[in-house]
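Below you'll find the structure, written out as structure tokens, and then a few comments.
The values are calculated or read from the model by the stated rules, or taken from the named source; none is laboratory data. What you are looking at is a predicted structure, and each value in this text was computed from that prediction instead of being measured. Cβ coordinates were reconstructed from backbone atoms using ideal geometry, including for glycine residues, and neighbour counts include every protein chain displayed.
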Amino acid sequence: MDKLIVEGGIALRGTVRISGAKNAALPLIAATLLAPGRHRLGNVPNLRDTRTFLKLMENLGVRHERQEDVLIIDSTNLRSAEAPYDLVKTMRASVLVLGPLLARMGKAKVSLPGGCAIGARPINFHITGLEKLGATCRLEHGYVDAEIDGRLQGDTVYFDIPTVTGTENLLMAAVLAEGTTILKNAAREPEIANLIDMLTGMGARIEGRNTDRLTIHGVDVLRPADCDIIPDRIEAGTYLIAIAATGGEGTVTHCNPAHLPSLLEKLRLAGLIVDEGESTISVRWPQAKPRALKSVDIKTMPFPGYPTDLQAQFMALMALSADICVITETIFENRFMHVAELQRMGAGIRIDGHSCVINGHGMNGLSGAQVMATDLRASSSLVIAGLAASGRTEISRIYHLERGYENLVEKLTGLGARVWKEQE
């Protein structure tokens, strides 16, 4: 198993190209199950999670070939409707095959999913929604066993809280249902808009893109897709925060600034200068010295609010601020596991229920230490802290990082960081 070594104290400078979004790629790969034929997906990141998902697709009878960042997926010979535990246990997003398998094959057996240990993340929204469309669902021996008699039937589904994967699963199921389905209080994340674009290109009829009310008019058949994955807004935000935390100056390219409205506003409130282009975002410090980072409160919310997947990274940044701030987590109940590791590096953080009170120690307030990654985004917060800290930081269990960041070491090195992998 590898560990990551970070020698801090270097201001990051330069440009970094953002990869395709993991959280968009996985539902789009799942959507290829809806129509037999050869599908083309572009800008697909080569990550542990995408490779795992493709193994799951292979197990269902789906073939693929990769040429750089292009995936050709052939779902013609779909033969199985079962997603076994061995493939699902490491990745929450595996549940996304439930809706399309049910719509195309009339049945699906999917193991209850795993993934990062950041909260319960129940799939009851998926199950109750599919039942509303006429499916019979049973939970037996750790599996969701669903089937329909004939076709799914359109109906109105209301989500108690916006759910990204729940919205995606119901979207994929409803496009082949008979009649009209309305999803109320649907999630509005950019990744869902990307899925809607793909489904529309396949022949689906969907109204309400970028709103919390989606109307899906079911069709009899769909055709193969040709669609590009949107840029990874979480990767873009992570590099922007890292550049800011090290006192540097840099630009992320091949991104979409409209996907990060809350983060960019928070960076500006923290005293940084943020410039937006059509597909670039630059961050830099004012000329005044000494540099002092202002404390900024955040509260995670569904899009367009502050993303939960950038909460840990911003906490590492605020540990370098000059005052006290509060970070409140409203999405996942167990997403403060990185706090203990940041404390080992000298961060002044106190957990108070669903909030953390951060007493910033200034730009020189962190020191390198041996720390352990607990989940994907917590891992990146430790990298940011290590880059900003004095001395050497060793981060173990970095397989979490490899689930969501493509070529992390190479990209950081390109910005001037001293970072490398070693065998534990």
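Tabulated data for the structure shown
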read-out	value
Subset tally (residues that are within 23 Å of ARG344 (Cα to Cα) and either at pLDDT 95 or above or not charged (D, E, K, R) (or both)) for the stretch 387-407	14
Selection within the stretch 194-212 - under 17 Å from ASN23 (Cβ atoms) and in contact (Cβ under 8 Å) with a residue 24 or more places away in the chain	ASN194, LEU195, ILE196, ASP197, MET198, LEU199
Selected residue (criterion: surrounded by the fewest Cβ atoms within 10 Å (Cβ to Cβ)) from residues of the stretch 388-424 that are part of a strand (DSSP E or B) and under 23 Å from the mean Cα position of the chain (by Cα)	SER396
Options ASN77, ASN43: the member that is under 30 Å from ARG284 (Cα atoms) and in the same structural domain as ARG223 (by TED's automatic domain parsing)	ASN43
Positions within the stretch 332-356 being touching a residue at least 40 places away in the same chain (Cβ under 8 Å), on the phi < 0 side of the Ramachandran plot and either in a loop (DSSP other than H, G, I, E, B) or β-branched (Val, Ile, Thr) (or both), in sequence order	PHE332, GLU333, ASN334, ARG335, MET337, MET345
Any chance ARG377 is at pLDDT below 95, within 17 Å of the chain's Cα centre (by Cα) and farther than 14 Å from HIS338 by Cα	no
Residue check for THR200: closer than 28 Å to PRO307 by Cα and either hydroxyl-bearing (Ser, Thr, Tyr) or in contact with a strand residue (DSSP E or B) (Cβ under 9 Å, 6 or more places away or on another chain) (or both)	yes
Some residue of the stretch 360-373 being touching a residue at least 40 places away in the same chain (Cβ under 8 Å), part of a helix (DSSP H, G or I) and crowded, with 24+ Cβ neighbours inside 10 Å	no
Failed item in (1) surrounded by fewer than 22 Cβ atoms within 10 Å (Cβ to Cβ); (2) in a strand (DSSP E or B), with ILE327 passing the rest	(1)
